[in-house]
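Read through the structure below, which is laid out as structure tokens, and then see the notes.
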Amino acid sequence: MAAATRGCWSWGSLLGLLGLVSAAAAAWDLTSLHCHFGAFCECDFQPDFQGLECDLAQHLAGQHLAKALVVKALKAFVQDPAPTKPLVLSLHGWTGTGKSYLSSLLARYLFRGGLRSPHVHHFSPVIHFPHPSHMDRYKKDLKRWVQGNLTACSRSLFLFDEMDKLAPSLMEVLRPFLGSSWVVFGTNYRKAIFIFISNTGGEQINQVALEAWRSRREREEIRLQELEPVVSQAVLDSPHHGFWRSGLMEERLLDVLVPFLPLQRHHVRHCVLNELAQLGLEPRDEVVQAVLDSTTFFPEDEQLFSSNGCKTVASRIAFFL
């Protein structure tokens, strides 16, 4: 178990784990045999919800909505032996609020190989779809890639990063894969998970959080019902977002819209302490304070939210050590 989750194990759990080693080894051989012949094969899909929830509780600062929404949706989806459609999550929020981090945790705790699993596919507009003039080729390649990988393993995870930089027409290719049809292009695809990540809607989320703070409402009192309409509208109104006129939102193909709230000073402090722990270092007050002092906060009057969230914490710690 990774160091990030050690704090969630009791001595009883550890002792019990030792007793399961030989049984797990035998089960591994059986699973490998099943996968070899293509029967009962879930590839390397082995969800660990206890580990996921523990890691989220310890390391994802200030995101009560994201934690609850994602875990609830994943559990319901994975526990359904015959889902009617793939699980489609859309993550929205300001930079550095934990969207990419949460996505990496999902890969780590859903697949044995984590982000290196052959059944986890990460797409970036800058890397995979850089030239608008090649869009027709990209569409064919993306359709072939998704179709081929779902044929190889129905339990596949597709991550699309920086959706606010993705050519909208590219998403038209995915529409047939995200709905409730039984089979698409001869491929059983209903157990797949699609995650879309973007900063679009971040300003609207920040405004709701700021108004809540000014009204002296607790951060945890902010509900999805307050955020979902304004974020959805921001996406629909943005011609730069990958969902623009793609039909994905209009046809309600997104299962869960996941908002990430802007981070306050104590959340950034939490990130600094976590990073120091990951480096194997004792918390040093002067380092923590130096990182906080070098962080920019907004709005200008309140100085409430971190401009970069926790995105630059690691580099700032290295500078002040």
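The values are calculated or read from the model by the stated rules, or taken from the named source; none is laboratory data. Owing to the predicted nature of the structure, the values given are computational and were not obtained by experimental measurement. Quick reminder, even Gly has a Cβ in these numbers, built from the backbone with ideal geometry, and neighbours come from all protein chains shown. The protein model used for the area step is the full one, side chains on, heavy atoms only, and it has no ligands, DNA or RNA in it. Shrake-Rupley method; radii C 1.70, N 1.55, O 1.52, S 1.80 Å.
The table below gives the values:
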read-out: Of the criteria (1) within 30 Å of Thr95 (Cβ to Cβ); (2) outside any loop (DSSP other than H, G, I, E, B); (3) at pLDDT below 95, which one Asp29 fails; value: (1)
read-out: Identity of the residue in the range 291-321, small (Gly, Ala, Ser) and part of a helix (DSSP H, G or I), that ends up least open to solvent (accessible area, probe 1.4 Å); value: Ala314
read-out: Per-region count, the range 153-182, residues in a helix (DSSP H, G or I) and without any contact (Cβ under 8 Å) to a residue 40 or more places away in the chain; value: 2
read-out: Which listed residue, of Val230, Val268, Val291, Val272, is hydrophobic (A, V, I, L, M, F, W, C) and touching a Ser or Thr at 6+ places or on another chain (Cβ under 8 Å); value: Val268
read-out: Residue ranges of helices (runs of 4 or more DSSP H) in the range 39-136 with at least 3 members modelled with pLDDT of 95 or more; value: 49-59, 64-79, 99-110
read-out: Criterion (among the β-branched types (Val, Ile, Thr) and either open to solvent by 90 Å² or more (accessible area, probe 1.4 Å) or outside any helix (DSSP H, G or I) (or both)) met by exactly one of Val258, Val288; value: Val258
read-out: Filter result (within 19 Å of Phe177 (Cβ to Cβ) and surrounded by 11 or more Cβ atoms within 10 Å (Cβ to Cβ)) within the range 125-136; value: Pro125, His128, Phe129, Met135
read-out: Single match in His240, His266 (criterion: in contact (Cβ under 8 Å) with a residue 24 or more places away in the chain and either small (Gly, Ala, Ser) or closer than 21 Å to Lys311 by Cβ (or both)); value: His240
read-out: Evaluation of Asp237 against (1) open to solvent by 70 Å² or more (accessible area, probe 1.4 Å); (2) of a type in the set (Asp, Glu); (3) modelled with pLDDT of 95 or more (one fails), failing number; value: (3)
read-out: Residue in the range 243-252 that is among the charged types (D, E, K, R), closer than 24 Å to Pro125 by Cα, touching a Lys or Arg at 6+ places or on another chain (Cβ under 8 Å) and not in a helix (DSSP H, G or I) present; value: yes
read-out: Qualifying residue in the range 190-202 (condition: open to solvent by 30 Å² or more (accessible area, probe 1.4 Å) and within 30 Å of His266 (Cβ to Cβ)); value: yes
